[in-house]
1. For segment 37-68, list residues with backbone N below 11 Å from a point placed 7 Å from the Cα of T27 toward its Cβ?
2. Leaving ligands, DNA and RNA out of it, rank Y49, Y55 by accessible area with a 1.4 Å probe, largest first.
3. For F37, F79, what's the largest-to-smallest order of accessible area, 1.4 Å probe?
4. Indicate the gyration tensor shape class of the chain (rounded, prolate or oblate), computed on the Cα atoms with a ≥ b ≥ c the square roots of the eigenvalues: a/c under 1.5 is rounded; otherwise a/b larger than b/c is prolate and the rest oblate.
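The values are calculated or read from the model by the stated rules, or taken from the named source; none is laboratory data. Keep in mind the model is a prediction, meaning the values are calculated, not measured. We place every Cβ from the backbone using ideal geometry, glycine too, and count neighbours over all the protein chains shown. In case anyone asks, the SASA skips ligands and DNA or RNA and just uses the protein heavy atoms, side chains included. Shrake-Rupley method; radii C 1.70, N 1.55, O 1.52, S 1.80 Å.
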Amino acid sequence: MLENLAIHSHGIRQIGTPGMDGTEGVTQCPVLPGNTFKYEFKVDRPGTYLYHAHYGMQREARLYGSIRVSVAGGKIESFAYD
Ligand SMILES: [Cu+2]
């Protein structure tokens, strides 16, 4: 079954790129079946973030994951992630 798609990220401050937040119907139109969309944004703080599909039952179908952003320049973080 072909469905629309939008990928929402949590915790990433979309400074200057609100259209990359992935909340379908709020910050972007859905990506229609057969089309592509490239999410492009800068992450201003290192950390571990969550993304998930924002349409229908795709999240329950396990379209979700994490984005890990390391400290720039190989610096050591003040605390570590598992
Ligand atoms: Cu969300």
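1. Those under the cut-off are 40-42.
2. Sorted descending by solvent-accessible area, the residues read Y55, Y49.
3. Final ranking, largest accessible area leading: F79, F37.
4. Judged from the Cα gyration tensor, the chain comes out prolate (a/c at least 1.5, a/b above b/c).
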